[in-house]
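Scroll down for the structure; my scribbles are underneath it.
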Number of protein chains: 2
Amino acid sequence: MVRFDAVVVGAGLAGTTSARLLAESGKKVLLIEKRRHIAGNCYDYKNEYGITVHKYGPHIFHTNNSRVWKFVNRFSKFRYYQHRVLSYVDGKYLPFPINRDTIAELFGVDLPTAEVESFLREEVRRSKFNIPPQNFEDQVISQVGERLYEKFFKGYTIKQWNKDPKELSADIAKRVPIRSSRDGRYFTDKYQGIPVQGYTRMMERILNHENISVLLGVNYFDIKEELKSDLTVYTGKLDEFFGYSFGRLEYRSLRFEFITYDMEYYQPAAVVNYPNDYDWTRITEYKYFLDEKVPKTTVSYEYPVGEGEPYYVVLTKENMMRREKYMKEVKKLERSGEYIFVGRLAEYKYYNMDQVIEKALERLSFNA
Amino acid sequence: MVRFDAVVVGAGLAGTTSARLLAESGKKVLLIEKRRHIAGNCYDYKNEYGITVHKYGPHIFHTNNSRVWKFVNRFSKFRYYQHRVLSYVDGKYLPFPINRDTIAELFGVDLPTAEVESFLREEVRRSKFNIPPQNFEDQVISQVGERLYEKFFKGYTIKQWNKDPKELSADIAKRVPIRSSRDGRYFTDKYQGIPVQGYTRMMERILNHENISVLLGVNYFDIKEELKSDLTVYTGKLDEFFGYSFGRLEYRSLRFEFITYDMEYYQPAAVVNYPNDYDWTRITEYKYFLDEKVPKTTVSYEYPVGEGEPYYVVLTKENMMRREKYMKEVKKLERSGEYIFVGRLAEYKYYNMDQVIEKALERLSFNA
């Protein structure tokens, strides 16, 4: 029979990266994925109109870590797309994060870069909030003042988390990026891009190694008992692994409505945020990512929801305390050398794509 | 644990169709595939230039069977591409199969449709061959005469099979299509097309059923003993299943050289045959299939080879006799109700794509 040295649970970025590193170190790996496709929430595909759509919402790869950048570039070329986001506020498409141009267009005051900071200080001075900030609302107001908070953050946060921003931790907003310059990019990382043939194809290549077998459409927990291997790399939900023994960890999910319009472009940027209008948080127009020249255009309307596939950890105190309990169990298992827990779901931690890969590289580099 | 009612071996058209039909009849199915991708030799992907390339050579879907057409249309829209092939002969791109235009351009005689047949009869009359035809060469000459045989068939056949056409069975050429009309299509089937998002995506959809699990990168024979299920649908190599007990069945394989050129189009049709010049049999230019509008173009040069992935059965007497022996064993296994052998490899039979699906529909329709 085929003997596997390692079992990897989950075919997202954490799982595929881990499987590859194990395979390259000479181990026979079985990767198990519940869904019928690889690539986790990075899954994308060309739709019938020739547009590469991200099934689980927009994924833009960005990193400052050259080791991570080098790793992904082994498996795909990248289009050097630099992400820009507009926020639809007061009937205008305004650059977001807030920068000098946002302020100029919103308030009609074209400030020199040097004066943006004093403008914001004045905005903050005129606002009411607790010092030190007690919650998300206080935290953002302490940085941009009430007016900008109300227009750009409040409504979006309520939609995103379905919670009063006063109940959310100030930590979430610790680093609201605000730019006094005219830099309109969403990310300022050194390396940014989209895999030219999509994430799914890139991850197919990551998995294309003679030591890797992939089992799709099977729940790990249904076959766990029958798997014998020296090492299990688990990238699934943390609480599920332990049978929810300390209670359920909350996840925020998303629902997407994909619509294709018979027009060349639908909106002036790949992503437009809707903090105040409508029930969706944002609209993504996919053809921008790879500059696909086709006559139609596909967009997704994004609605945060409570139930569904897990997307975001929910940083409430209760969840964080539960996480701690689970992580103690994880540490015990990891000390045995038989388990590694890695990734957004398994660590119940908000990671960007590059951070997931970075973690996997750290934890699974046997050749290094 | 997960209990599978059926195991399907091989993720080509035979395997994926069978898995789907079993799943829809309520059976839990495990599909096992040796390669790390599904879709068998239909596997395609968008390359970095935006061109959908068929990794294992050009696949054009064509059928007269409306049940088959209906089946594939459940899983993909089709671009209604009608395949045209040119044959590069005497420095000219000529329509193939031979039709009225081919004769006109080659010989400079623009015959009315009604006279094409008598022209060919005259060609045949002036030629030497055995009656009844003893081999491939005789058979073709008896239909088109020596001149056309030499220019269009002889060299191609030698390249394709690496055999003297005199040694090949007349059966292979039983139906050389020759058209007295100006119909320049390669196929005349009622339904023709290419899945708009490619074959791989279509087959992903075929497999996207809650009762289907897929295991990639595992050789069935390595885990055979551990699989317990009521039914095994085998679509792999016939001789391999029986441990080559009656000897090896010969397969003809292909080697592809993919090259991307910095030009809009490389040649005037998707496929150009090279019966006489160079070592390749044909060049395929992929952007034609889906009419992909991109600045570069990717082509494949196709070289028949003896060793490699199995593509074509080799219709020699020896192979046919071996096949008979194996098929007797197959019949025994199938009578037990525990096995079904279906597809090009498992039946050692030349099937077009639609015929494979037709067979699978016949053998595995429990709902019908």
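The values are calculated or read from the model by the stated rules, or taken from the named source; none is laboratory data. Everything quoted here is computed from the prediction, not taken from an experiment. Quick reminder, even Gly has a Cβ in these numbers, built from the backbone with ideal geometry, and neighbours come from all protein chains shown. Surface areas here come from the heavy atoms of the whole protein model, side chains and all, with no ligands, DNA or RNA. Shrake-Rupley method; radii C 1.70, N 1.55, O 1.52, S 1.80 Å.
Quick notes on this structure:
- Accessible surface of the range A:102-173, 1.4 Å probe, proportion on carbon and sulfur as whole %: 48
- In the range B:102-173 the Cα-Cα distances spread across 10 Å bins starting at 0 as 20, 48, 26, 5 percent of all pairs.
- Long-range Cα-Cα pairs in the protein assembly as shown (distance over 51 Å), rounded percent: 25
- Calculated label separations, B:Ala104, copies of the chain, 7 Å along the beta-carbon direction, nm: 6.5
- Taking the inverse of the mean 1/r over every pair of distinct Cα atoms in chain B gives a Kirkwood hydrodynamic radius of 22.2 Å.
- Apportionment of accessible area to carbon and sulfur, the range B:223-262, percent (1.4 Å): 46
- Alpha carbon convex hull of the range A:244-368, volume per residue in cubic angstrom: 155
- Between B:Asp90 and B:Asp164, the simple spin-label model (points 7 angstrom out along Cα→Cβ) gives 2.8 nm.
- DSSP-assigned coil residues among GluC sites (Glu not before Pro) in the range A:260-368, each with at most 12 further Cβ atoms within 10 Å: A:Glu264, A:Glu307, A:Glu338
- Computed over chain B: relative contact order in percent, which uses C-alpha pairs under 8 Å that are six or more apart: 27
- The angle between the Cα long axis of helix A:136-148 and the main principal axis of chain A comes to about 40°, on a 0 to 90 degree scale.
- Between the Cα long axis of helix A:113-125 and the first principal axis of chain A there is an angle of about 90°, rounded to the nearest 10.
- Simple label model, 7 Å out from Cα along Cβ direction - A:Ala114 to B:Ser25, nm: 8.2
- Unit charges on C-beta of K, R, D, E only; dipole of the range B:1-63, Debye: 200
- Surrounding net charge for A:Gly306, when Lys and Arg each add one and Asp and Glu each subtract one, Cβ distance under 9 Å: -1
- Centroid-to-centroid, using Cα positions, the range B:183-239 and the range A:13-55 are 20 Å apart.
- Magnitude of the charge dipole for the range A:102-173, about its Cα centre and with charges confined to Cβ atoms of Lys, Arg (+1) and Asp, Glu (-1), is about 240 debye.
- Counting only other chain Cβ atoms within 10 Å of each residue's Cβ, the peptide B:200-208 averages 2.
- Pairs of Lys residues in the range B:1-160 are counted when their Cα atoms are under 19 angstrom apart and they lie 8 or more places apart or on different chains; the count is 8.
- In the B-A interface, the accessible area buried, summed over both sides, Å² (probe 1.4 Å): 2300
- Translational diffusion of the range A:123-225, µm² s⁻¹ [Kirkwood Rh, Cα pairs; Stokes-Einstein; 25 °C; 0.890 mPa s]: 137
- Computed on the Cα atoms alone, the convex hull of the range B:1-99 gives a volume of 171 cubic angstrom per residue.
- Taking the range A:102-173 and dividing mean pair separation by its residue count, relative contact order in percent (alpha carbons under 8 Å, at least six apart): 30
- Cα centroid of the range A:280-318 to Cα centroid of the range A:62-111, whole Å: 16
- Loop GluC sites (Glu not before Pro), the range A:177-226, which have at most 13 other Cβ atoms in a 10 Å radius of their Cβ (DSSP): A:Glu210
- Chain B residue nearest the rotation axis toward A, with distance: B:Leu215, 2 (Cβ to axis, whole Å).
- Across the range B:244-324, the mean sequence separation of Cα contacts (distance under 8 Å, 6 or more residues apart), normalised by length, yields a relative contact order of 44 percent.
- Trypsin sites (Lys or Arg not before Pro) within the range A:210-307, DSSP loop, no more than 14 other Cβ atoms inside 10 Å: A:Lys228, A:Arg248, A:Lys293
- Per-residue shielding of A:214-222, expressed as the average number of other chain Cβ atoms within 10 Å of the residue Cβ, stands at 6.
- Label spacing, shortest first and in nm, from B:Val305 to its equivalents in the remaining copies (7 angstrom along Cα→Cβ): 5.0
- In a reduced charge model with +1 at each Lys and Arg Cβ and -1 at each Asp and Glu Cβ, the protein assembly as shown shows a dipole moment near 820 debye about its Cα centre.
- Farthest toward the positive end of the dipole of the protein assembly as shown, out of B:Thr297, B:Thr157, B:Phe246, is the Cα of B:Phe246, where the dipole comes from beta carbon charges about the Cα centre.
- Comment: the Cα-to-Cβ extended label point of B:Tyr80, at 7 Å, lies 4.5 nm from its counterparts in the other copies, nearest first.
- Computed extension length for B:Asp5-B:Asp222: 76.2 nm, one decimal, from 0.36 nm per residue of separation with the Cα-Cα distance subtracted.
- Between the helical axis of A:13-24 and the longest alpha-carbon principal axis of chain A there is an angle of about 40 degrees.
- Average accessible surface area per residue within the range A:157-269, 1.4 Å rolling probe, Å²: 48
- Ranking B:Tyr339, B:Tyr265, B:Gly15 by Cα position along the charge dipole of the protein assembly as shown, where only Lys, Arg, Asp and Glu carry charges on their C-beta atoms, puts B:Tyr339 farthest toward the positive end.
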